[in-house]
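Heads up: the structure comes next, in structure tokens.
The values are calculated or read from the model by the stated rules, or taken from the named source; none is laboratory data. This is a predicted model, so every value here is computed, not measured. Cβ placement follows ideal geometry from the backbone for every residue including glycine, while neighbour counts extend to all protein chains displayed. Only protein heavy atoms, including side chains, enter the accessible area calculation; ligands, DNA and RNA are left aside. Shrake-Rupley method; radii C 1.70, N 1.55, O 1.52, S 1.80 Å.
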Amino acid sequence: MSLALIRVVRGATGFWGQGDAPLPLVDVGAFKTACHAVARAIRATVGEVTPAGVTPSFHTVLITAPGIGSTVLCHEVLPVVAFAASRPQAGAPLADFTSPPAWADAFELGGFRLLDVEELSMPLAAADTSGLAEAELEQVRYWRPSTVGELMFNWWD
């Protein structure tokens, strides 16, 4: 994969402008179903899903099994899933993204694209942001995320 070709698409920030049609939201039920499919496959438990809202721009769940504790992040607008080494702290940028574990394929079967740590840690200046709406670009200028991951998984209001 060439990181120089990563294109950040409309909806990545979770924002849209006044007068813009709201973006469709990810089906939280499909995300929960994928979490439970993963859990069955690895004999794990699924914690309560912390929903997205005004902030954050993502749903969070902890999947645990003996020797496994994985924080799963599901974008509120885009059907993508990322993994973090620790549970997000309200308002703090996410900086500890991890690569998808070997057992994460159930998310792909559920219609989600797995985001790798290399994509998420890519400097935003090196990404193609031409697909973002003007309202999103305004938010980017205001919040100044430094990476694609900070742009996609944010606490902006």
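Out of segment 43-80, which residues are farther than 17 Å from L94 by Cβ, part of a strand (DSSP E or B) and small (G, A, S)?
If the condition is that a residue be farther than 17 Å from L94 by Cβ, part of a strand (DSSP E or B) and small (G, A, S), then A65 is the only one that fits.
State all residues of segment 48-94 that are under 20 Å from P145 (Cα atoms), of a type in the set (A, V, I, L, M) and touching a residue at least 24 places away in the same chain (Cβ under 8 Å); if no residue qualifies, say none.
Matches in segment 48-94: A52, V54, L73, V77, L78, V80, V81, A82, A90, A92, L94.
Quick grid of which residues meet (1) touching a residue at least 12 places away in the same chain (Cβ under 8 Å); (2) part of a loop (DSSP other than H, G, I, E, B); (3) touching a helix residue (DSSP H, G or I) at 6+ places or on another chain (Cβ under 8 Å):
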| residue | (1), (2), (3) |
| --- | --- |
| A12 | yes, yes, yes |
| G17 | yes, yes, yes |
| A21 | no, yes, no |
| P24 | yes, yes, no |
| A30 | yes, no, no |
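Which residues, taken from segment 96-115, are aliphatic (A, V, I, L, M) and in a helix (DSSP H, G or I)?
Of everything in segment 96-115, those that are aliphatic (A, V, I, L, M) and in a helix (DSSP H, G or I) turn out to be A102, A104, A106, L109.
Hey, does segment 126-137 have a residue that's touching a strand residue (DSSP E or B) at 6+ places or on another chain (Cβ under 7 Å) and closer than 18 Å to E76 by Cβ?
Within segment 126-137 (the criterion being touching a strand residue (DSSP E or B) at 6+ places or on another chain (Cβ under 7 Å) and closer than 18 Å to E76 by Cβ), the answer is yes, since at least one residue qualifies.
So, in segment 116-137, of the ones that are closer than 15 Å to T13 by Cα and part of a loop (DSSP other than H, G, I, E, B), which residue ends up most open to solvent (accessible area, probe 1.4 Å)?
Among them, the one singled out is S130.
Could you grab me the full set of residues in segment 10-54 that are within 14 Å of the chain's Cα centre (by Cα), surrounded by fewer than 16 Cβ atoms within 10 Å (Cβ to Cβ) and closer than 29 Å to A126 by Cβ?
Residue satisfying the conditions is L25 alone.
Considering G131, G110, G91, G67, which residue is within 19 Å of A34 (Cβ to Cβ) and over 14 Å from the mean Cα position of the chain (by Cα)?
On the way: G131 fails: within 19 Å of A34 (Cβ to Cβ); G91 fails: within 19 Å of A34 (Cβ to Cβ); G67 fails: within 19 Å of A34 (Cβ to Cβ).
The unique qualifying residue is G110.
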